[in-house]
Amino acid sequence: MSMADEQTLIQNAQNGDLEAFNGLVRNYQDAVYTLTYRIMGEPARAADAAQDAFITAFRRLETYNGGNFRAWLMRIAANTCYDHLRYEKRRPATALDDLVSEDYADGAPLPDQSTPTPEQAAQSAELSRAIQSCIDGLQADQRVALIMSDVEDFSYQEIAEAVGVQLGTVKSRISRARAALRGCLQGFRELLPSVYRL
């Protein structure tokens with residue numbers, strides 16, 4: 001989507017055009033979900049946070065007054081995740097998913113003939129779980145900065161604007177997050193490709 005098209009959608013959405021806002025949602029839903037998934041760590045929680053972020057963005061659309069819309073939206077998504085995490089910390093509960101048999105848990109996709117062997121697929125899924133577990137272990141602010149930088153490919157300046165901190169703070173958070181992630185993944189050394197093993 002071009003910047004001109006995006007600005008037209010934003011202006012129309014600010015004037016109450018729901019279809020224009022839906023166009024913005026379609027354009028950014030994957031990026032927002034990826035961010036919320038990496039922060040929340042579970043598909044259902046991530047979907048809830050992404051939905052809440054878009055609802056909040058719609059309600060606050062009049063506060064957007066130019067600049068990088070993607071960064072504005074990602075800031076809302078990150079703050080929504082922070083709110084969810086704070087709420088969960090205050091009110092821990094057993095999720096219904098924890099009460100359901102593991103037969104219903106999402107697993108690795110069934111391979112077709114062009115995919116790796118079952119053993120390779122299992123190892124890849126185990127490595128993905130290990131990486132997500134290490135990401136989950138990061139402090140929330142470090143997790144957001146790392147995901148926005150290394151997964152969503154935001155520049156340091158865009159991250160600083162999105163989360164409302166100084167550029168040096170962003171660099172520090174990303175550096176600490178990467179170091180913590182490297183340290184954590186050494187506990188899963190056997191899952192890592194040999195080129196990444198120390």
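The values are calculated or read from the model by the stated rules, or taken from the named source; none is laboratory data. The structure presented is a predicted model; accordingly, all values stated were derived computationally and were not measured. Neighbour counts run over all protein chains shown; Cβ positions are idealised from the backbone, glycine included.
Data for the structure
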{"item": "Meets criteria (in contact (Cβ under 8 Å) with a residue 12 or more places away in the chain, buried (at least 21 other Cβ atoms within 10 Å of the Cβ), under 23 Å from MET3 (Cα atoms) and touching a helix residue (DSSP H, G or I) at 6+ places or on another chain (Cβ under 8 Å)) for LEU73", "result": "yes"}
{"item": "Count of residues meeting criterion [buried (at least 17 other Cβ atoms within 10 Å of the Cβ) and either among the hydrophobic types (A, V, I, L, M, F, W, C) or in contact with a Pro (Cβ under 9 Å, 6 or more places away or on another chain) (or both)] in region 34-60", "result": "10"}
{"item": "Any hit, region 46-56, residues being assigned by TED's automatic domain parsing to the domain that holds GLU19, at negative phi, at pLDDT below 90 and over 12 Å from the mean Cα position of the chain (by Cα)", "result": "no"}
{"item": "Filter result (more than 21 Å from SER149 (Cα to Cα), in contact (Cβ under 8 Å) with a residue 24 or more places away in the chain and of a type in the set (Lys, Arg)) within region 1-56", "result": "ARG45"}
{"item": "Any chance GLY67 is part of a helix (DSSP H, G or I) and either outside the structural domain of LEU146 (by TED's automatic domain parsing) or farther than 23 Å from ASP141 by Cα (or both)", "result": "no"}
{"item": "Within region 136-173, tally of residues that are closer than 20 Å to VAL32 by Cα and either in contact (Cβ under 8 Å) with a residue 60 or more places away in the chain or under 15 Å from the mean Cα position of the chain (by Cα) (or both)", "result": "24"}
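Here is a yes/no grid of residues against (1) touching a helix residue (DSSP H, G or I) at 6+ places or on another chain (Cβ under 6 Å); (2) assigned to a helix (DSSP H, G or I); (3) surrounded by fewer than 16 Cβ atoms within 10 Å (Cβ to Cβ); (4) at pLDDT 85 or above:
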position	(1), (2), (3), (4)
LYS89	no, yes, yes, no
PRO92	no, no, yes, no
ALA125	no, yes, yes, no
SER149	yes, yes, no, yes
PHE154	yes, no, no, yes
